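The values are calculated or read from the model by the stated rules, or taken from the named source; none is laboratory data. Everything numeric here is computed off the predicted structure, so don't read it as measured data. Note: ideal-geometry Cβ built from the backbone for every residue, glycine included; neighbour counts use all protein chains shown.
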Amino acid sequence: MNLKHKPFLKDAWYVTGWSAEFSNEKPKAQRIIGEPLVLFRRKDGTLVAMADRCVHRQAPLSMGRIEGDDIRCMYHGLRFNTDGQCVEIPGQDKIPTRACIKTYPVAEKGSWVWVWMGNPDNADTNLIPPVRGFDDPNWVLKSGQLDYQSPHHLINDNLLDLSHLAYVHADSFGATAGWSSRPPQTKLLERGVQVDRWVEGAPPVPPLPSLAQYQSVDLWVTYQFLVPGVFIMYTAMYPSGTAEVSEHSEPDQRLPKLFSNFTSQAATPMEQDSSRTFFTWGPGAEFDSIEIPAEAVAQQMIDVATVAFAEDKDIIEAQWKNLTVDSSQPMMPTAADKSVTLYQRIEERLLQAEISGSETVTSEPIPTEDIINIEQMNDELTGS
Ligand code: FES
Ligand SMILES: [Fe+2]
């Protein structure tokens with residue numbers, strides 16, 4: 001499908017920024033799936049999201065002024081309450097009920113602000129992906145964000161298939177061929193996929209003094225990728241040989257770890273061909289020490305991640321240029337694309353359910369005809 005026209009899920013929570021960005025002082029313009037939004041806080045701190053378009057002459061409300069809990073358009077002065085209803089038209093007594101601006105369900109979780117772009121009746125906050133925020137005592141996190149001139153579908157593909165690490169991030173993350181040599185276990189989730197793998201013989205990154213005695217380590221890496229494009233990954237580092245001892249399955253929780261880290265990343269489409277990613281990364285709080293403060297490690301990790309994401313941006317934007325020149329050529333899936341293909345099927349299924357208005361998605365197995373490792377995948381999907 002031509003990504004210039006590929007539809008986006010609407011019944012989903014999209015990240016639109018960091019909690020600290022929004023205030024009761026100044027409205028802020030945001031854009032999600034091509035829709036202009038304005039966000040601000042009420043006096044009690046709760047968030048408001050509404051269409052960034054005045055009903056009068058369509059001027060952006062983000063150029064307006066917050067007055068109490070209301071927002072005033074600073075073109076001709078119409079004032080709107082947080083339900084989007086116009087409550088004042090200068091020089092006019094009667095206010096038509098149709099003078100009302102669309103509002104969007106908005107929530108805060110994990111230090112991020114989430115907006116539901118679809119039917120407000122379906123906006124269940126339990127569907128916000130289980131990201132970790134700055135308030136989580138188990139992790140010490142730093143954050144960043146990056147804009148891409150490319151469709152968010154390509155960023156999703158990138159995050160779903162980490163076999164690119166050994167090639168795109170050999171310098172930044174020090175990623176080795178271990179990331180692509182052994183296929184991961186991919187599981188189907190209701191709104192995404194889970195991918196688990198061992199990476200054996202990896203260099204210890206970040207190169208902490210406490211890891212200096214290790215030439216190489218084994219990494220247990222498990223991530224969920226959930227609609228509309230949220231990546232949540234846990235990595236635990238063990239001495240070499242642990243993958244073997246664990247029979248390449250989930251390690252026993254009692255095994256002592258050398259290090260662990262957690263990242264949450266969200267790719268939000270702003271327009272059809274432009275996207276913004278938001279990310280946090282950092283070490284487990286249990287690895288905090290006077291010699292190596294976790295805050296400093298988190299900073300080191302987010303600095304490396306920032307370099308790595310610039311590498312992703314380079315290859316994805318170049319890929320998008322190729323696709324823009326000629327979108328007629330089909331993509332050829334490989335074994336590493338299993339999670340990509342599976343996720344795309346789930347996304348498509350949710351989209352169809354949204355379009356047809358059905359409450360639940362079909363439980364029929366996802367067709368697998370164009371996927372490498374068909375048998376293995378069928379076994380997983382049907383539980384046989
Ligand atoms: S465009 Fe908003 S008041 Fe006229
Ligand atoms: Fe990457």
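Report, by residue number, each residue of the range 134-165 that is among the aliphatic types (A, V, I, L, M), away from ligand 2 (no atom under 13 Å from the Cβ) and over 18 Å from Val307 (Cα atoms). Hit for the range 134-165 is Val140, nothing else.
Checking the stated criteria, Val205 turns out to be in a loop (DSSP other than H, G, I, E, B), over 23 Å from Ile346 (Cβ atoms) and away from ligand 1 (no atom under 16 Å from the Cβ). Scanning the range 166-195 for residues being charged (D, E, K, R), modelled with pLDDT of 90 or more and either within 15 Å of ligand 2 (Cβ to nearest atom) or in a loop (DSSP other than H, G, I, E, B) (or both) gives a total of 2. Filtering the range 19-46 to residues that are more than 21 Å from Ala267 (Cα to Cα) and either touching a Cys at 6+ places or on another chain (Cβ under 7 Å) or part of a strand (DSSP E or B) (or both) leaves Phe40, Arg41. Scanning the range 51-73 for residues that are assigned to a loop (DSSP other than H, G, I, E, B) and either surrounded by 15 or more Cβ atoms within 10 Å (Cβ to Cβ) or at positive phi (or both) yields Asp52, Arg53, Cys54, Val55, Gln58, Ala59, Pro60, Gly64, Gly68, Asp69, Cys73.
Looking only at residues in the range 51-86 that are of a type in the set (A, V, I, L, M) and within 13 Å of ligand 1 (Cβ to nearest atom), the one that is farthest from Phe278 (Cα to Cα) is Leu78. Listed by first and then second residue, the pairs linking a residue in the range 303-318 that is part of a helix (DSSP H, G or I) to a residue that is within 10 Å of ligand 2 (Cβ to nearest atom) and of a type in the set (S, T, N, Q), with Cβ atoms under 7 Å apart and 6 or more places separating them unless they lie on different chains, are Val304/Ser172; Val307/Ser172; Ala308/Ser172; Glu311/Ser172; Asp312/Asn158; Ile316/Asn158.
Of the residues making up the range 208-262, just one is basic (Lys, Arg) and in contact with a strand residue (DSSP E or B) (Cβ under 6 Å, 6 or more places away or on another chain), namely Lys257. Any residue at all in the range 124-133 that is touching a residue at least 12 places away in the same chain (Cβ under 8 Å), away from ligand 2 (no atom under 15 Å from the Cβ) and farther than 20 Å from Trp281 by Cα? Yes, the range 124-133 has at least one match.
One line per residue, one yes/no per condition, for (1) closer than 27 Å to Gln319 by Cα; (2) surrounded by fewer than 23 Cβ atoms within 10 Å (Cβ to Cβ); (3) basic (Lys, Arg); (4) not assigned by TED's automatic domain parsing to the domain that holds Phe287:
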{"site": "Lys142", "(1), (2), (3), (4)": "no, yes, yes, no"}
{"site": "Tyr148", "(1), (2), (3), (4)": "yes, no, no, no"}
{"site": "Ile155", "(1), (2), (3), (4)": "yes, no, no, no"}
{"site": "Val168", "(1), (2), (3), (4)": "yes, yes, no, no"}
{"site": "Val193", "(1), (2), (3), (4)": "yes, yes, no, no"}
{"site": "Pro203", "(1), (2), (3), (4)": "no, yes, no, no"}
{"site": "Leu208", "(1), (2), (3), (4)": "no, yes, no, no"}
{"site": "Leu219", "(1), (2), (3), (4)": "no, no, no, no"}
{"site": "Leu226", "(1), (2), (3), (4)": "yes, no, no, no"}
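Scanning the range 88-97 for residues that are more than 13 Å from ligand 1 (Cβ to nearest atom) and modelled with pLDDT of 95 or more gives Asp93, Lys94, Pro96.
Scanning the range 12-32 for residues being surrounded by fewer than 20 Cβ atoms within 10 Å (Cβ to Cβ) and touching a strand residue (DSSP E or B) at 6+ places or on another chain (Cβ under 9 Å) gives a total of 11. Given the structure, is Gly178 surrounded by fewer than 22 Cβ atoms within 10 Å (Cβ to Cβ) and either touching a residue at least 60 places away in the same chain (Cβ under 8 Å) or β-branched (Val, Ile, Thr) (or both)? Spelling it out, it is not the case that Gly178 is surrounded by fewer than 22 Cβ atoms within 10 Å (Cβ to Cβ) and either touching a residue at least 60 places away in the same chain (Cβ under 8 Å) or β-branched (Val, Ile, Thr) (or both).
Determine whether Ser163 is crowded, with 17+ Cβ neighbours inside 10 Å, touching a residue at least 60 places away in the same chain (Cβ under 8 Å) and touching a Lys or Arg at 6+ places or on another chain (Cβ under 9 Å). For Ser163, the condition - crowded, with 17+ Cβ neighbours inside 10 Å, touching a residue at least 60 places away in the same chain (Cβ under 8 Å) and touching a Lys or Arg at 6+ places or on another chain (Cβ under 9 Å) - is not met. Annotation: of all residues in the range 293-315 being surrounded by fewer than 16 Cβ atoms within 10 Å (Cβ to Cβ) and either within 21 Å of Phe134 (Cα to Cα) or modelled with pLDDT under 95 (or both), the one that is farthest from ligand 2 (Cβ to nearest atom) is Pro293.
Looking across the range 274-294 at every residue that is among the charged types (D, E, K, R) and outside any helix (DSSP H, G or I), the one that is farthest from the chain's Cα centre (by Cα) is identified as Glu291.
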